[in-house]
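The structure appears below as structure tokens.
The values are calculated or read from the model by the stated rules, or taken from the named source; none is laboratory data. Here the structure is a predicted model, which is why all the values come from computation and not from measurement. Positions of Cβ are backbone-derived with ideal geometry, glycine not excepted, and every protein chain shown enters the neighbour counts. When the accessible area is computed, the model is the full protein with side chains, heavy atoms only, and any ligands, DNA or RNA have been set aside. Shrake-Rupley method; radii C 1.70, N 1.55, O 1.52, S 1.80 Å.
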Amino acid sequence: MSSTGLLLIPLGLLLMLAPWRWSLLLMPTFCLLHAAAVVQIGSFGLQPGYFLGLLMVGRTLVELTLGGQSLNRRVLLSMVPLFVLLVSAVATLWLALYFFQGEVEVIGGSAGFNLDRAAPFSFQRENITQLSYLLINLLIVYAVAHQLARLPREEIPALTGQAMALALLIASGLCLWHYASSQTGLPWPDSFFQSNTSYRAAHGQRMLGELRVNGPFSEPSALSYFYCGFLLFAWFRFRERPTMLSASLILLCLVCLFLAKATTGFFAMAAFAAVAGGDMALSLLRGRIRLPRVSIASVLGVVIMLGGVAAGAAYLAAHQEFVGDLIEKVVVQKQESSSYEERAAVNLMAISIAMETYGIGLGLGSHKPSSLPLTLLCNVGVVGTAAYLLFMLDLLRPRRGHGPAPDGLSLRPLKWHLLGLLLIHAFSNPNLSMVMVWLDCGLLCGALAARSGVVRPGVVEAVEPGRAGMRPEGAGGLRGYGLLVRRVPCSGPVD
């Protein structure tokens, strides 16, 4: 057991004895520690997110078998594309071993984009490892969705928002602690956050004489990956609730991304500017920009936003040379680096693999380019890639009748959190087994399943006592139960 496990294993077991709300609330925080391991066995380390996810799967299985619960049909239907992805991953590996073994050049995940380690495709341990992770991820998606769907649906947006906001606050506090430790000498527990020895040591990097903050994450680019999702979540939370907390979350995201000094972080900030600007422009064109209700919280929120903008402008003006050198280092010179050339070459190999295998792929874990779309395309083929994209589009598409809960909250911040993560996956992060993405999928599946019973606006069926055996028009399957059904007008969704 690692130092991380000494704290998180007892906490995870206690959560299994608590109401489900607590597990769902703390699961995003567990997912942050992806460079840590609660248990380390040889080169295998069990991440805290997967540890709590497996506990949730186990508890769900117990409740299904011994507690009298039944499977959630709506959740299973929404997961059909994922089942197709799993079948495709198994089928492509079998076909690749039969038709393409020894004939296609690949670079495995352990090679680290090193072109000198390219070798003909053959069955490797990574193939079984990635298939196992995919199966576990699907189980976690179902367990999270099943349990979330059992909660009152009007409480779900608030619960998911609180879970993400808590994870963001904890991550930001740790990032600021990490930065303060480099400036003041405060102790920083590297061994707690970097206890997974299967990860290469990439933390504690320095640039231009300053620490590149990574906080609880494995490296600065990993921080940028998580914070791209957090930043978009914080913005759309601010759009729904322009409070002091919402404004503070946005500023914390921007500060942590700047302190990371990563190319991915600058891309995340540029994406945020584009999304936020487009959202405001679109709302203005549609006439949906409304002044927030005047309150102390909203006034403080606006003041914090304006103060943050002013402080940022003052910093840029006072440190023009440092900021210019930083942008030159992480943006302009990035394309001239050897790592950029290696990643580009590995990506070209992924496209070549997809063509050489006629779109079938080589099975998960066979080749690792530098982005998730190429990872899917060359490993699970066209069918698996299409299934994954279809699942994500189904979760993220707008739905009628699934509007805000009575308190004005919606699932939009959670959807944009997932979109932020997928945006980085599209060009930088090739890992399919990022548990935070699968957690978002489970939360959205559960929330949509819980809210799928909303009646279409305009008409609602009202039930009233009647004579048994009567069959009035529109009664349908209720005849014979002493109930009459009449249609009454309705101005909005009905719970």
Worksheet item: What list of ³J(HN,Hα) values in whole Hz, one per residue of the stretch 235-247 in order, does the Karplus curve 6.51 cos²θ - 1.76 cosθ + 1.60 (θ = phi - 60°) give from phi, with Gly and Pro shown as x?
Response: 5, 6, 5, 5, 5, 8, 9, x, 9, 4, 5, 4, 5
Worksheet item: Between the stretch 136-173 and the stretch 1-58, how many Å separate their Cα centres?
Response: 15
Worksheet item: Does the stretch 415-455 classify as rounded, prolate or oblate by the C-alpha gyration tensor (a ≥ b ≥ c root eigenvalues; a/c under 1.5 gives rounded; else a/b over b/c gives prolate, otherwise oblate)?
Response: prolate
Practice prompt. Could you run the Karplus curve 6.51 cos²θ - 1.76 cosθ + 1.60 with θ = phi - 60° over the stretch 364-371 and give me ³J(HN,Hα) per residue in whole Hz, x for Gly and Pro?
Written response: 4, x, 7, 9, 10, x, 9, 9
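Going by a ≥ b ≥ c, the root eigenvalues of the Cα gyration tensor, does the stretch 41-82 fall in the rounded group (a/c under 1.5), the prolate group (a/b larger than b/c) or the oblate group?
Oblate shape, in that a/c is at least 1.5 and b/c is the bigger or equal ratio.
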Worksheet item: What are the ³J(HN,Hα) values, in whole Hz, obtained from phi via the Karplus relation 6.51 cos²θ - 1.76 cosθ + 1.60 with θ = phi - 60°, for each residue of the stretch 66-80 in sequence order, with x given for Gly and Pro?
Response: 10, x, x, 7, 10, 5, 7, 5, 5, 5, 4, 5, 5, 8, 3
Practice prompt. Mind checking the full-extension length gain between F192 and L176? Use 0.36 nm per residue of separation minus the Cα-Cα distance, one decimal, nm.
Written response: 4.1 nm
Worksheet item: Over the Cα atoms of the stretch 57-188, how large are the radius of gyration and the largest Cα-Cα distance (Dmax), in Å?
Response: 21.9, 59
Worksheet item: So what are the three principal axis dimensions of the stretch 10-61 from its Cα atoms, in whole Å, longest to shortest?
Response: 34, 21, 17
Response to the item:
The set of residues whose placed amide H lies less than 5 Å from the amide H of V106, leaving out same-chain residues fewer than 5 positions away, is A119, F121
Worksheet item: Name the residues of the stretch 47-80 whose amide N is less than 14 Å from a point 7 angstrom out from the Cα of L390 along the C-beta direction?
Response: 77-80
Fill in: For L151, distant residues with modelled amide H under 5 Å away
none
Item to complete: Can you figure out the FRET efficiency of F83 with I128, using R₀ = 22 Å and their beta-carbon distance, to the nearest 0.05?
Response: 0.70
Fill in: Distance (nanometres) between label positions extended 7 Å along Cα→Cβ at M207 and V62
4.6
Worksheet, complete the sentence: As a Kirkwood estimate from alpha-carbon pairs, the stretch 146-269 has a hydrodynamic radius in angstrom of 15.5
Item to complete: Scan around N431 for amide H atoms under 5 Å from its own, H built in the peptide plane at 1.01 Å from N, and keep only partners 5 or more places away or cross-chain.
Response: none
Worksheet item: Roughly how much of D116 is accessible, in Å² to the nearest 10, using a 1.4 Å probe?
Response: 140
Worksheet, complete the sentence: Taking R0 as 35 Å and r as the Cβ-Cβ distance between M1 and Q162, the FRET efficiency 1/(1 + (r/R0)^6), rounded to the nearest 0.05, comes to 0.70
Worksheet, complete the sentence: Kirkwood-based Rg/Rh on the Cα set of the stretch 104-143 evaluates to 1.15
Response to the item:
When the charge dipole of the stretch 73-189 is computed with +1 at the Cβ of Lys and Arg and -1 at the Cβ of Asp and Glu, the Cα pointing farthest to the positive end, of L174, I156, Y142, is that of I156
